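Shown next, in structure tokens, is the structure this report addresses.
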Amino acid sequence: MTTLEVKLKLPDSLASQAKAAGLLNSEAIGKLLADALRSNAFDEFLSTAEPVEAAGVAPLSPEEIEAEIKAYRAERRSK
């Protein structure tokens, strides 16, 4: 676990609303950061769609996707 001290400058109304909503604590901010990281990863994933399509890569069948997922999970378990 890493301990960080963060100083924010927020408009008064936003700070009041965030405090009232219980968002100015370690757990809530950690969840907000995790959500933002997932969103960024998803956006990055989607940004590959056009180049892949432009390269003429054929889409995977549902069976191929399932096989890839199983292979990935097996690889993760073996580490």
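Just so you know, all these numbers are worked out from the coordinates, no wet-lab data involved. As the structure is a prediction and not an experimental result, all values here were calculated from the model. Cβ sites come from the backbone with ideal geometry, for glycine too, and all protein chains shown count toward neighbours.
Criterion first (in a helix (DSSP H, G or I), closer than 25 Å to Met1 by Cα, among the small types (Gly, Ala, Ser) and without any contact (Cβ under 8 Å) to a residue 40 or more places away in the chain) does Ala71 satisfy it? When the stated conditions are applied, Ala71 does not pass them.
Residue count for segment 30-68, restricted to those that are within 30 Å of Glu5 (Cα to Cα) and either touching a Lys or Arg at 6+ places or on another chain (Cβ under 6 Å) or of a type outside the set (Lys, Arg) (or both): 13.
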